[in-house]
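Visitor: My questions will all concern the structure given below.
What follows draws every value from the coordinates through simple rules; no lab data is involved. Since this is a predicted model, take the numbers as computed values, not measurements. Virtual Cβ from ideal backbone geometry, glycine too; neighbours counted across all protein chains shown.
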């Protein structure tokens, strides 16, 4: 299979207080996630209750693999990756012939708590690995303007009624992303930047 973009990414790795540039492909990144962690969280969240084919772990790996392996993620792209030899080698128990509509239905019905708990567990693991448990937190925000015809909620900036604004805030703790929040309430418009930052840090 030909990837839409080169399937390599650079990440900064802090090893013994030296900084190295590590070139990793999608498969290597996913293999950094402990299989035992996915199995434990699958059992705790009951994500695979009455599910025969597309397990929660398979869907998680497929979404991540597709995001890293293609510049434009779609259900058709995910269907192609699911059938690829590389993905089957990484996830041997994944079904080979699931269609895009089956992937869609599974994503629509899956419990999002499963993904949140994976993120929190991995963040805790690598914060400890990088010795950043007590690192300072930083918050950065950006606004996206959307037509009011598409979005009724959101913030108003000025007197215009044509646009709604959504604020995305990302919290970094040390070198790792710790959380992401979306703000749509008017109180979080730019003059309340400190307010939204406090909300992020407090969780």
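Visitor: At what distance in nm do the modelled label points of residue 32 and residue 97 sit from each other, each positioned 7 Å from its Cα along Cα→Cβ?
Guide: That separation, rounded to one decimal, is 3.7 nm.
Visitor: Taking the convex hull of the Cα atoms, report for segment 26-125 its projected area averaged over all directions, in nm². Write out the running numbers ahead of the final one.
Guide: Details: hull surface 24.1 nm².
Result: a mean projected hull area of 6.0 nm².
Visitor: Just the number, please: Stokes-Einstein D of segment 82-184 in µm²/s, Kirkwood Rh from C-alpha pairs, 20 °C, 1.002 mPa s. Present the calculation step by step, with values, prior to reporting the outcome.
Guide: On the way: Rh = 17.6 Å.
The Stokes-Einstein estimate is 122 µm²/s.
Visitor: According to a simple spin-label model (label point 7 Å from Cα along Cα-to-Cβ), what is the distance in nm between residue 88 and residue 153?
Guide: Placing both labels 7 Å along Cα→Cβ, they lie 4.2 nm apart.
Visitor: By its C-alpha gyration tensor, with a ≥ b ≥ c as the square roots of the eigenvalues, how is segment 32-90 shaped: rounded for a/c under 1.5, else prolate for a/b larger than b/c, else oblate?
Guide: prolate
Visitor: How many nm separate the modelled label positions at residue 187 and residue 172, each set 7 Å beyond the Cα in the direction of the Cβ?
Guide: Those two pseudo-labels are separated by 2.9 nm.
Visitor: Also, quick follow-up: Got a sec? How would 105, 48 order by Cβ neighbour count within 10 Å, fewest to most?
Guide: Lowest count first: 105, 48.
Visitor: Continuing with the same structure: Just subtract the alpha-carbon distance of residue 71 and residue 161 from 0.36 nm times their residue separation and send over the number in nm, one decimal.
Guide: 29.0 nm
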